[in-house]
Amino acid sequence: MATTEGTAGGRERRGNDRFACEGDAEVIAFAHNFLFRGKVRDISLTGCYIETPARLKLRRFAEVELRFTAHGEHLRLLARVMEIRLGKGAGFEFLPDDPRLDKRFAELIERLSARVSL
């Protein structure tokens, strides 16, 4: 399902359609030697939202590695923290120069988009 409103009641900031999805996620912040787990709730070409009850102490723009499953695809992407919602989750923007944002990733977004159109 394409979403136009902000995740978890927030204001939408993304310029791309995002699509609801479910999958497990692991986020590693190497600079802070920090790891947390959560659930992917939506994804777009440029980012995703991960729900977690963890009280995250990451700063905005901190770079992380996301390891997650979305629509049966296992992904590992570099991203930066864009928004933290304490005790609820975090929004991430994928780093555009990550070579893993490849054809396979674009095909995943295309499949999610097609599900919405049905």
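Key figures
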quantity: The range 44-53, residues that are surrounded by fewer than 20 Cβ atoms within 10 Å (Cβ to Cβ) and aliphatic (A, V, I, L, M); calculated: L45
quantity: Leading residue by the ranking (farthest from E22 (Cα to Cα)) among those in the range 38-56 that are of a type in the set (K, R) and touching a residue at least 24 places away in the same chain (Cβ under 8 Å); calculated: R55
quantity: Considering residues of the range 62-82 that are open to solvent by 10 Å² or more (accessible area, probe 1.4 Å) and in a loop (DSSP other than H, G, I, E, B) only, the residue nearest to S44 (Cα to Cα); calculated: H71
quantity: Evaluation of K57 against (1) open to solvent by less than 60 Å² (accessible area, probe 1.4 Å); (2) in contact with a His (Cβ under 9 Å, 6 or more places away or on another chain) (one fails), failing number; calculated: (1)
quantity: Candidates L95, L101, L112, L86, filtered to the one that is closer than 14 Å to I50 by Cα and aliphatic (A, V, I, L, M); calculated: L86
quantity: Answer residue from the range 30-43, given it is in contact with a helix residue (DSSP H, G or I) (Cβ under 8 Å, 6 or more places away or on another chain) and not acidic (D, E) and is most open to solvent (accessible area, probe 1.4 Å) among those; calculated: R41
quantity: Matching residues in the range 83-94 - criterion: being crowded, with 16+ Cβ neighbours inside 10 Å and not β-branched (V, I, T); calculated: E83, R85, K88, G89, A90, G91, F92, E93, F94
quantity: Total residues in the range 21-34, condition over 16 Å from H71 (Cα atoms) and modelled with pLDDT under 95; calculated: 6
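The values are calculated or read from the model by the stated rules, or taken from the named source; none is laboratory data. Keep in mind that this is a model prediction, so the values were computed, not measured. Here Cβ is always computed from backbone atoms with ideal geometry, including for glycine, and neighbour counts include all displayed protein chains. When the accessible area is computed, the model is the full protein with side chains, heavy atoms only, and any ligands, DNA or RNA have been set aside. Shrake-Rupley method; radii C 1.70, N 1.55, O 1.52, S 1.80 Å.
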